[in-house]
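Peer 1: Take this structure first; my questions come after.
No value in this document is a laboratory result; all are computed from the given coordinates. As the structure is a prediction and not an experimental result, all values here were calculated from the model. A quick note on method: Cβ atoms are made from the backbone with ideal geometry, for glycine too, and the neighbour counts reach across all protein chains shown.
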Amino acid sequence: MGRVEAAELVKGIAGVEVHGNSLRIIFSYKGVRCRESLGLAPTKKNVKFAVGLRSTVLHEIKTKYFDYQARFPDSSNAARLGRTDTLKEIKLEKLKEKYLPIKAADIGTQTLRRYKDGLKVCVTLLDGESMVSSLTPKDIYRLRADLIATRKPATLNHYLACLRGMLEFAEANRYTDLKLSECCKRFKIGKSQPYPLELEEYQRIMNDPLLHPSHRNLITLSVYTGLRTGEARALAWEDIDLEKGTIKVQRNIAKDDDGEFFKLPKTDSIRTIYLLPPALEALKAQRQYTKLFPVIDIVIHLDKQAREKQTVRPVFRPTTALPHENHHAIDSVWYSESSLSSQWRNILKRCKVTYRRIYQTRHTFASWQLTAHGNIAFIADQMGHTDYSMLVKKYGRWMNAESQNEVNRIWLALENKGHTSCKAAKNCPKNAP
């Protein structure tokens, strides 16, 4: 039978073609286009067999029972795409259940909650009943496309980071022989820039006749200390030494599925803040509103297991009225994130100041300190950063904006130590430029 006649036998038949003197079938497996020669001459009977075999292969792939090595043991694709003797089978949902407790050992409660949420979304979209070994790069790329259509890039990147970790776990434990984790590529997003208060805006807030003195004290302290919002909410009078003018930042308020709770500050490091005059004055003014309240007991989450009981008096409270005995302390005595944000929004609206999150008071502190030529290492320490590289990276434009003023300041200091320019010096070298 001639080549032309052989080609006519498979004309119009999907996935079957003549290659040389043999029939071969074409199908897609794990995102790879595969061609497998059957070693059969192109006859009507063999073409019918090839069509049936391809249908069987497609059904096995769809139902997750396809074994490349068993079907095509002599194929070069079998070693690359087929199951190996050490490859273990597990469903995506079961993989998630195995992975989360292991990941939990390295992250906090709040972060674990976000990991659970992210993986729940990804596993659901990928079909939790699917075998991990059946996943292909195409599945991960399709997931990325589905997610970006309905979610913000920042949220999507968090989901992809969670999925990447789980897939790396799957690869390390031989649940898949593909590098699926490498397909979890993050989307590029524009970095949010600090939006600090201008001095005029801050003064407008301070001069608001309707601003409660306690709110004025809280805003002033936040702007002149750089406290994180959760740290300011968790501040107690026991942390403050008005004589020395210092604050010992030793707790934060965080949130998980069970509500808000006390924990150590970010990076788990307790630090001392040295108060600028406005911050010290704000705390002295705040004494009359909350310092005489009775102490309350709270529990600090030191880590996943360890807890520490403390007896403290909050500096800032959502109300100056005494709470009744059935109130939960963290709900009625301490500001909640939502109540403080709501009050802040109302204050900015009333003062006709462009809205930004109350966390921007921390950025306000950093930008004002840098434009005042504060020592970078000291500012980073006051803000609770482990080093000043992040400070330079995030607030570099405030440093650059004052470059010429900084040069002038440095030269003035050098002149005071006896340095002079050639133009001003009486004995300037003749060969000097």
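Peer 1: What does the convex hull of the Cα atoms come to per residue for the chain, in Å³?
Peer 2: For the chain, the hull spanned by Cα atoms encloses 274 Å³ per residue.
Peer 1: Longer than 18 Å from Cα to Cα, which of K94/K152; K96/K120; K98/K138; K138/K179; K116/K179; K263/K309 are they? Say none if no pair is.
Peer 2: The pairs that break the limit, which is 18 Å between Cα atoms, are K94/K152; K98/K138; K116/K179.
Peer 1: Okay, next question. Can you give the FRET efficiency to the nearest 0.05 for T420 and H212, using r as the Cβ-Cβ distance and R₀ = 60 Å?
Peer 2: E(calc), rounded to 0.05, equals 0.60.
Peer 1: Normalising by the residue count of the chain, find the relative contact order in percent from Cα pairs under 8 Å and 6+ residues apart.
Peer 2: 11 percent
Peer 1: Each residue of the stretch 377-387 in turn: what ³J(HN,Hα) in whole Hz from Karplus with 6.51, -1.76, 1.60 and θ = phi - 60°, glycine and Pro shown as x?
Peer 2: Along the stretch 377-387, the couplings run 4, 5, 4, 4, 5, 5, 7, x, 7, 5, 8 Hz.
Peer 1: Among the aspartates and glutamates, which fall within straight-line cross-link reach of K255, defined as a Cα-Cα distance under 12 Å, with same-chain neighbours fewer than 8 residues apart omitted?
Peer 2: Output for K255: E337.
Peer 1: Compute the angle between helix 137-148 and the longest alpha-carbon principal axis of the chain, please, reported from 0 to 90 degrees and rounded to the nearest 10.
Peer 2: With both axes taken from Cα atoms, the answer is about 40 degrees.
Peer 1: Applying the Karplus parametrisation 6.51 cos²θ - 1.76 cosθ + 1.60 with θ = phi - 60° to the phi angles of the stretch 12-18, what ³J(HN,Hα) value in whole Hz is obtained for each residue in order, glycine and proline being reported as x?
Peer 2: So the Karplus estimates, Gly and Pro as x, are x, 9, 5, x, 10, 8, 9 Hz.
Peer 1: Of Q250, L119, A154, which is farthest towards the positive pole of the chain's charge dipole, taken about the Cα centre with +1 and -1 on the beta-carbons of Lys, Arg and Asp, Glu respectively?
Peer 2: Farthest along the dipole direction, towards plus: A154.
Peer 1: Shifting gears a bit: Given the -39500 (n - 2.57) contribution per DSSP H run of 4+ residues, what per-residue ellipticity at 222 nm results for the chain, rounded to the nearest 500 deg cm²/dmol? Walk me through the numbers on the way to the answer.
Peer 2: Numbers: 18 runs with 204 residues, N = 433.
Computed ellipticity for the chain at 222 nm equals -14500 deg cm²/dmol.
Peer 1: What nm distance separates the two modelled labels at N375 and E97, each placed 7 Å from Cα along Cα→Cβ?
Peer 2: In this crude spin-label approximation the distance works out to 5.7 nm.
Peer 1: In straight Cα distance, which aspartates and glutamates are under 12 Å from K91, not counting same-chain residues fewer than 8 positions off?
Peer 2: The reachable aspartates and glutamates, counting only those whose Cα sits under 12 Å from K91, are D127, E129.
Peer 1: Here's a follow-up. Zone of T354 (label point 7 Å along Cα→Cβ, backbone N under 19 Å): which residues in the stretch 190-212?
Peer 2: Residues 190-206 qualify, since their backbone N sits under 19 Å from the label point.
Peer 1: Can you tell me the dipole magnitude for the chain around its Cα centre, using point charges on the Cβ only (Lys, Arg +1; Asp, Glu -1), in Debye to the nearest 20?
Peer 2: 1220 debye
Peer 1: Can you give the angle from 0 to 90° between the axis of helix 109-126 and the longest principal axis of the chain, with both taken from C-alpha atoms, to the nearest 10?
Peer 2: 30 degrees
Peer 1: Order these by the 10 Å Cβ neighbour count, fewest first: Y224, Y195.
Peer 2: Ordered by Cβ neighbours within 10 Å, fewest first: Y195, Y224.
Peer 1: Relative to the longest principal axis of the C-alpha atoms of the chain, give the angle of the C-alpha long axis of helix 389-401, reported between 0 and 90° and rounded to the nearest 10°.
Peer 2: Helix 389-401 sits at roughly 60 degrees to that axis.
Peer 1: Ranked by Cβ crowding within 10 angstrom, fewest neighbours first, how are K394, K138 ordered? Don't jump to the answer; show the numbers that get you there.
Peer 2: Working: K394 16, K138 13.
Ordered by Cβ neighbours within 10 Å, fewest first: K138, K394.
Peer 1: Tell me, D239, D146 in order of fewest to most beta-carbon neighbours within 10 Å?
Peer 2: D146, D239
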